[in-house]
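Some notes on the structure that comes next.
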Amino acid sequence: MNKKIKIAILLFIIVFIGGFFVYGQIYYHAEKTATDYINGTDDVNVTKSSNGLFLDGYGNDTAIIFYPGAKVEYTSYLPLFTDLASKGIDCYLVEMPFNLAFFASDSADEIISNSNYNHYFMAGHSLGGAMAGSYVNQTKNNISGLIYLSAHVEKEIKVPVLSIRGTYDNIINLESYQKAKPMMDNLTEVLINGGNHAQFGNYGHQSGDGNATISAESQQKQTEDAIMKFIDYNT
């Protein structure tokens with residue numbers, strides 16, 4: 001290999017790494033309505049862990065491990081999961097490298113290894129949901145169920161699945177979603193009338209998404225109710 005080719009390859013690598021680093025700095029930031037929960041509430045203690053945040057309520061039997069959507073700051077989901085923790089379901093919000101779940105889809109391994117719950121539910125939003133499903137397929141850990149927020153499976157899933165999406169979600173590929181449904185043996189679907197893709201978290205409007213006709217609070221309350229019912233049925 002001559003010197004000019006080596007220099008060209010080196011420059012390509014430098015430009016690629018630099019471009020990816022810049023890309024990684026562009027993401028949806030958590031709004032104040034979410035970060036107000038960073039110090040917990042009277043019912044829920046929030047602590048920083050090696051891979052995100054642990055939301056500890058009064059429960060000690062069941063935990064949700066949540067993977068955030070692509071390019072979304074993980075703290076954006078604090079309002080929804082703080083409410084769930086206050087109802088007895090402890091929650092782990094995983095912080096992903098570059099806010100992209102496919103860089104750390106096995107993050108749940110460390111959480112499960114360092115905790116002791118009878119029931120673990122994997123959950124994720126959009127790309128985070130796809131990666132949570134991928135984890136369920138490859139792990140040897142016992143997972144009680146999978147919770148999708150505007151997401152769908154890529155391979156057959158044997159555990160119970162809860163799928164929640166909004167009627168004004170313009171991000172999810174509905175054709176792919178419909179094709180994926182037969183791969184979920186035990187599926188519960190919840191369609192939130194007036195909801196969209198982004199309002200499962202608190203990070204503002206997402207490019208390409210539909211305009212919701214209900215508030216984020218309403219969408220998250222309906223999501224919380226569906227998740228609680230699903231977990232009660234599968235524990």
Within the stretch 222-235, restricting to residues that are of a type outside the set (Ser, Thr, Tyr) and touching a residue at least 24 places away in the same chain (Cβ under 8 Å), the one that is surrounded by the most Cβ atoms within 10 Å (Cβ to Cβ) is Ile227
For residues that are more than 11 Å from the chain's Cα centre (by Cα) and of a type outside the set (A, V, I, L, M), scanning just the stretch 87-98, find the one that is surrounded by the most Cβ atoms within 10 Å (Cβ to Cβ). Cys91
Exactly one condition in (1) within 15 Å of Gly133 (Cβ to Cβ); (2) of a type outside the set (Lys, Arg); (3) in contact (Cβ under 8 Å) with a residue 40 or more places away in the chain is not met by Val153; state its number. (3)
Going by the structure shown, is Val190 surrounded by fewer than 23 Cβ atoms within 10 Å (Cβ to Cβ), in a loop (DSSP other than H, G, I, E, B), touching a residue at least 24 places away in the same chain (Cβ under 8 Å) and β-branched (Val, Ile, Thr)? no
Taking Ile65 as the residue in question, decide whether it is within 18 Å of the chain's Cα centre (by Cα), hydrophobic (A, V, I, L, M, F, W, C), surrounded by 15 or more Cβ atoms within 10 Å (Cβ to Cβ) and modelled with pLDDT of 95 or more. yes
Within the bounds of the stretch 214-225, is there any residue that is β-branched (Val, Ile, Thr) and either more than 26 Å from Asn99 (Cβ to Cβ) or touching a Gly at 6+ places or on another chain (Cβ under 6 Å) (or both)? yes
Can you confirm whether Ile157 is among the β-branched types (Val, Ile, Thr) and at pLDDT 95 or above? no
Give the residue that is nearest to Leu149 (Cα to Cα), with candidates limited to residues of the stretch 22-47 that are exposed (fewer than 12 other Cβ atoms within 10 Å of the Cβ) and at pLDDT below 95. Ile26
Residue count for the stretch 89-110, restricted to those that are within 10 Å of Val72 (Cα to Cα) and of a type in the set (S, T, N, Q): 1
Any residue in the stretch 107-120 that is in contact (Cβ under 8 Å) with a residue 12 or more places away in the chain and within 18 Å of His197 (Cβ to Cβ)? no
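The values are calculated or read from the model by the stated rules, or taken from the named source; none is laboratory data. The model shown is predicted, which means the values in this text are computed figures rather than measured ones. When we count neighbours, we look across all protein chains shown, and the Cβ atoms used for this are built from the backbone with ideal geometry, even at glycine.
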